[in-house]
Amino acid sequence: MKFRFVSNFIFCFSLLGSANVLLAQETKATEMELEAESYEERGYPKRANLIREKIKRIRKENFQTKNPEPVYIPSNATLTSTNNGSLSFLDGTWEFGFRYMRQYADFRSGKEWALDDGQVASQAGTPYLPRSPIGYQNIRSLPYLMEWEETRKNSNTFSPKISYQHSSKKWGIEYMYLQFFTTRNYFSFGDIGGFQSGYQTDRFMGADHKLIVQIFEDYSHNKKFVWEFGLRIGSLSTNSSQHSQTLGQTGLFRDTIQYVAPSTGFKFVHQFFENYSYELGGDLFFTPVGNLKYRRDSFTSIGGMSRFSGERVVTDEVYSLFSENRIQTTIFGLNITTQVNWAPFQNHKFHLGLQSIQYNWRANESELPGIRALNPESYLAGARDYYLSSAFYEADGGKGRPIRSYHISNLYFGYTYVF
């Protein structure tokens, strides 16, 4: 007990002594400050500065700790970190998101009726040739007086999106994937050589990869322009079939277009209020070096109706008509987008937009197709089929041939996470 009292007394005495020394030193520093001000007023600034340097040393000695703690450095300081809700990686920020699209499609195939063109009517040599608006090689020879159609022009698709913006806010990169499909089923009826009926079905599918470099240009503090340069890589495919029991005909049709098209675009972005913005823009893409491959298989049973003259066939006609080489195809398109953005939180963005895309193409079918046939009669039927189709399609890729087009309208909702 006596020892504890002595130790407490020594501690208090040393603390009081330290306080007295500190008070004395601070008093001396205050007096020196007054002295420095006096020298300044009398026109001796150098002498005043020397005194102030001494004051700094005194106060540094009084108030700086003798055993400073080491500066704490977090263990994850060298790892990728967040900066205002943005993931810093490769000297820029990243966004990952998706779009849920409600699509409406419209397909136009140029000339759909044999009698629309005198050359086609004469070359075809048959009055019942309704043409499907879907698919490249879909010449029909089913009866057409009345039809009952089931068309699904709407589809729901999912579109992922990844974007990167450099820390300079001057350029970035964006990737987006689009997909779409359309179905068409219908029955046809006619009275040509007796009551005739048939069924046709089409499936049209497409996929489009868009990779662009974006250049950002500020117009004002809340408005900017975005220039886009990049590529579209995609494909358009058709799978169709037709069957008529009364005519004794069955056919299968398949075609695929593949392309890599340079694209260029423009977008205007306006931010209003604090968390809202809208975008208006679009892009164009074009390539003359797309390619198309098709295959058309046809079967007409004995006693069935010929696809060309309407006469009954005396033997089975089975043949396959196909492109031996890829057909050069010119593709061009236009994409227009309007989008509203809402960012209620630091890392989250929501989008609501309208999108309109149109694909147009013209194929050069100047090369003769390959023909495989069951017998000489079938081979002759296949040759006549190609001659018939050349009147309907862009057989020579020449001027005046109708282009084919596929138009998609999207109403979409999107979400993006900003790292």
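Read-outs throughout are calculated quantities, based only on the coordinates presented, and are distinct from any laboratory measurement. Predicted, not measured: the structure shown is a model, and the values here were computed from it. Using ideal geometry, Cβ is built from the backbone for each residue, glycine included, and neighbour counts are taken over all protein chains shown.
Might you report the magnitude of the Cβ-based charge dipole of the stretch 183-334 about its Cα centre, with Lys and Arg at +1 and Asp and Glu at -1, to the nearest 20 debye?
On the way: 14 positive and 15 negative charges, 33 e Å.
The calculated dipole for the stretch 183-334 is roughly 160 debye.
For Pro262, what charge total do you get from the other residues with a beta carbon under 13 Å from its beta carbon, if Lys and Arg give +1 and Asp and Glu give -1? The partial results should precede the final answer.
Numbers: positive: Lys210, Arg232; negative: Glu228, Asp283.
After counting each charged neighbour, the total is 0.
So how do 279-290, 343-354 stack up, highest first, on mean other-Cβ count within 10 Å?
Working: 279-290: 17.1, 343-354: 14.4.
Taking the mean over residues of other Cβ atoms within 10 Å, the ranking is 279-290, 343-354.
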